[in-house]
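Below is one structure, written out as structure tokens; comments come after it.
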Amino acid sequence: MEARGRVMSLLNDKQIIEAWHRNARPWITAVQQDRIESRRLVTNRAILETVDSLDVQSVLDIGCGEGWLVRQLSSAGLRVAGLDVVPDLLEQARRLGPERYYLMAYEALSARNPADYFDLALCNFSLFGKGSVEHLFGVLSGLLNPGGYFVMQTLHPAAAEGESVDGWREGSWAGIEGDFAEPAPWYFRNTASWLQLFERAGLDLIECREPVNPVTDQVASLILVGRLRKAP
Ligand SMILES: C[S@@+](CC[C@H](N)C(=O)[O-])C[C@H]1O[C@@H](n2cnc3c(N)ncnc32)[C@H](O)[C@@H]1O
């Protein structure tokens, strides 16, 4: 237990970015060859249906990776931009479509950077850090139009083997085939902690979805939908 604590205390936000630099190539292959079963069966459709249920015209996909969701939403007629810190991923994204991409870390986001406003900001399995995620929630309201939405899809806290206390965890590529190097660590948050981040960002929680994998009958993810609170 003590050894585990020592390992966890060595994990940090910087390692997440380093790991995504290392794993960009196999990640592109895994996503574009549809090798991740939970995405194929459940979570891709779940995020698309959630966005479709909202009345929005413009979207910022934060932590967009190689850009599959940017391209899908763009082909549905929305004005979509993507943001990610890994050049190899954005190079691939730019090759596959004319959409706008910002090469930057969450830590560099501010109300003026990027210099644009969106009806919706979303994060699809891209909230792994501690400080980086807290920073992102801190600047979110400055990226949104009045009444704008925020949608996140993440690992369901119940899937984290009974864990309930926030903290760093070692990552894993379990369930994803490919020539991956060491995975990114991640900072586990329970549902109450996610809701606290929403509250501090000035977002009212308007919907919570728990998509179920039809093969395993297990919950596959947690989707939270927030809306920017009107000034009193
Ligand atoms: C699991 S991938 C998900 C990619 C994409 N949203 C999708 O659904 O395929 C996580 C992404 O988050 C990005 N990311 C993680 N931490 C980041 C940070 N601090 N700043 C910018 N991007 C970050 C990674 O580079 C990676 O592309």
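Summary of values
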read-out: Looking only at the stretch 74-85, and only at residues there that are among the aliphatic types (A, V, I, L, M) and closer than 19 Å to Thr154 by Cβ, the one that is nearest to the ligand (Cβ to nearest atom); value: Val85
read-out: Pair list, Cβ < 6 Å and 6+ apart or interchain, from the stretch 22-39 residues that are more than 16 Å from Gly171 (Cα to Cα) to residues that are open to solvent by 70 Å² or more (accessible area, probe 1.4 Å) and more than 10 Å from the ligand (Cβ to nearest atom); value: Asp34/Arg40; Arg35/Glu177
read-out: Residue in the stretch 26-44 that is open to solvent by 10 Å² or more (accessible area, probe 1.4 Å) and over 23 Å from Phe180 (Cβ atoms) present; value: no
read-out: Conditions (1) within 21 Å of Trp194 (Cα to Cα); (2) open to solvent by 10 Å² or more (accessible area, probe 1.4 Å); (3) of a type outside the set (D, E, K, R): number failed by Ile62; value: (2)
read-out: Residue within the stretch 121-136 that is closer than 28 Å to Thr29 by Cα and away from the ligand (no atom under 13 Å from the Cβ) present; value: no
read-out: The stretch 100-112 residues that are within 20 Å of Asn145 (Cβ to Cβ), paired with ones that are more than 8 Å from the ligand (Cβ to nearest atom) and in a loop (DSSP other than H, G, I, E, B) (beta carbon under 8 Å, 6 or more apart); value: Tyr102/Pro114
read-out: Output for the stretch 16-45, where each listed residue is more than 11 Å from the ligand (Cβ to nearest atom) and outside any helix (DSSP H, G or I); value: Gln33, Asp34, Arg35
read-out: Filter result for Val80 (in contact with a Ser or Thr (Cβ under 9 Å, 6 or more places away or on another chain), open to solvent by less than 20 Å² (accessible area, probe 1.4 Å), free of Cβ contacts under 8 Å to residues at least 60 places away in the same chain and under 19 Å from Thr50 (Cβ atoms)); value: yes
read-out: In the stretch 86-99, the residues that are among the acidic types (Asp, Glu), in contact (Cβ under 8 Å) with a residue 12 or more places away in the chain and more than 11 Å from the ligand (Cβ to nearest atom); value: Glu99
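The values are calculated or read from the model by the stated rules, or taken from the named source; none is laboratory data. The shown structure was predicted, so the numbers you read here are calculated from the model rather than taken from an experiment. Glycine gets a Cβ as well: all are built from the backbone with ideal geometry, and neighbour counts include every protein chain shown. The area values use the complete protein model at the heavy-atom level, side chains included, leaving out ligands, DNA and RNA. Shrake-Rupley method; radii C 1.70, N 1.55, O 1.52, S 1.80 Å.
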